[in-house]
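Asker: Have a look at the structure that comes next, please.
The values are calculated or read from the model by the stated rules, or taken from the named source; none is laboratory data. Remember, it's a predicted structure, so these values are computed and weren't measured experimentally. As a convention, Cβ positions derive from the backbone with ideal geometry for all residues, glycine included, and neighbour counts pool all protein chains shown. Please note that ligands, DNA and RNA were not included when accessible areas were found on the heavy atoms of the full protein model with its side chains. Shrake-Rupley method; radii C 1.70, N 1.55, O 1.52, S 1.80 Å.
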Amino acid sequence: MIKHLLALAILLSSFGVAFGQEASNDPTRLFYNGNSFYEKREYDKAIEEYQKIADGGIESGPLYYNMGNAYFKTGKTGYAILYYKKAIRLIPADSDLKSNLSYAQSLTEDSGLQATTPNKFAWLAKIPFREFTLNGVARILIAFYLIVIGLIAGGIISPLFKRRATFIFYPILLLFILALAGFSVRYYEEEILTRGIVVVKDVECKYEPIDKSTTYFTLREGQEVLVLKTRNGWRRIKRIDGKLGWVKSGSVEEE
């Protein structure tokens, strides 16, 4: 199912005007072409059109969502999960997207070995803001910060205001701390950690970044891992159970 056509068309039109792109390379036209190919079940051609938009440096939740759907239709579950994951960072409240991602993940082998939030406190801190993007959480945090500063300043200026505002100060302060915790966890997970998705059927993880090195364990298509470093065509990855290994770079794509 393709979606968000109007919203993305408006967004991409602004890019097309801003950069003066030729009609054949216009993101809006490419997006419509991709949707047209998708509707005709020509999924590989749809992916080609969508990829041209992504190669132009445009990030869009609807674009990634449609790419995930197209890859899923071609049987490339790993790439489908990869693009659903990219999309969910930009449109986290989309119920269809979350449903498709969950279903795709359920089809993968070893689906229980997905990278998750590292501890329970961090997981709890994310709950109130799971429907917001990272930028959205940042705006909420700034709003609460300004309110707290305003209340403090008002209390300093006017003792009467301080007495009257005391009953709302501490709840607002608590909300600010909660927003700060949520933002910190989200920022660490989305900007500091590098996650990757296995995009091929089976990946042999080696002890060392050498073809002849002994295989330590095997990853399955669609599994999520942490990417620790990339070197000479190899990636150092960490599985959710803590196992470390080296895989060929093309077998794991960064989210």
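Asker: When the range 153-186 is examined, which residues are found to be crowded, with 16+ Cβ neighbours inside 10 Å and more than 18 Å from L141 (Cβ to Cβ)?
Answerer: Within the range 153-186, G155, A165 meet the criteria.
Asker: Now, a different point. Condition test on D241, is it in contact (Cβ under 8 Å) with a residue 40 or more places away in the chain and either farther than 17 Å from I81 by Cβ or of a type in the set (S, T, Y) (or both)?
Answerer: yes
Asker: Separate question: If a residue must be within 18 Å of V252 (Cα to Cα) and aliphatic (A, V, I, L, M), how many such residues does the range 44-86 contain?
Answerer: 4
Asker: Which of the residues belonging to the range 143-152 are surrounded by 17 or more Cβ atoms within 10 Å (Cβ to Cβ) and either within 30 Å of R89 (Cβ to Cβ) or of a type in the set (S, T, N, Q) (or both)?
Answerer: Hit for the range 143-152 is F144, nothing else.
Asker: Test V227 against the stated conditions and say whether it is without any contact (Cβ under 8 Å) to a residue 40 or more places away in the chain, surrounded by 14 or more Cβ atoms within 10 Å (Cβ to Cβ) and within 20 Å of the chain's Cα centre (by Cα).
Answerer: Considered against the rule, which asks whether it is without any contact (Cβ under 8 Å) to a residue 40 or more places away in the chain, surrounded by 14 or more Cβ atoms within 10 Å (Cβ to Cβ) and within 20 Å of the chain's Cα centre (by Cα), V227 comes out as yes.
Asker: Are there any pairs, at least 6 apart or on different chains, whose C-beta atoms fall under 9 Å, with the first in the range 188-213 and within 16 Å of I237 (Cβ to Cβ) and the second open to solvent by 100 Å² or more (accessible area, probe 1.4 Å) and not charged (D, E, K, R), and if so, which?
Answerer: So the pair list comes out as P209/N232; S213/Y207.
Asker: Of (1) at pLDDT 95 or above; (2) crowded, with 18+ Cβ neighbours inside 10 Å; (3) not β-branched (V, I, T), E48 satisfies all except one. Which?
Answerer: Of everything listed in (1) at pLDDT 95 or above; (2) crowded, with 18+ Cβ neighbours inside 10 Å; (3) not β-branched (V, I, T), E48 misses just condition (2).
Asker: Only residues that are farther than 29 Å from S102 by Cβ and either at pLDDT below 90 or crowded, with 17+ Cβ neighbours inside 10 Å (or both): list them for the range 233-255, please.
Answerer: W234, W246
Asker: Look through I197, I140 and report the one residue that is within 29 Å of Q105 (Cβ to Cβ), buried (at least 16 other Cβ atoms within 10 Å of the Cβ) and in contact with a strand residue (DSSP E or B) (Cβ under 8 Å, 6 or more places away or on another chain).
Answerer: The unique qualifying residue is I197.
Asker: Just one of K45, K76 is basic (K, R) and either touching a Lys or Arg at 6+ places or on another chain (Cβ under 8 Å) or touching a residue at least 24 places away in the same chain (Cβ under 8 Å) (or both); which is it?
Answerer: K76
Asker: Scan (1) surrounded by fewer than 21 Cβ atoms within 10 Å (Cβ to Cβ); (2) closer than 22 Å to K85 by Cβ for the single condition E204 breaks and write down its number.
Answerer: If we test E204 against (1) surrounded by fewer than 21 Cβ atoms within 10 Å (Cβ to Cβ); (2) closer than 22 Å to K85 by Cβ, just (2) comes out false.
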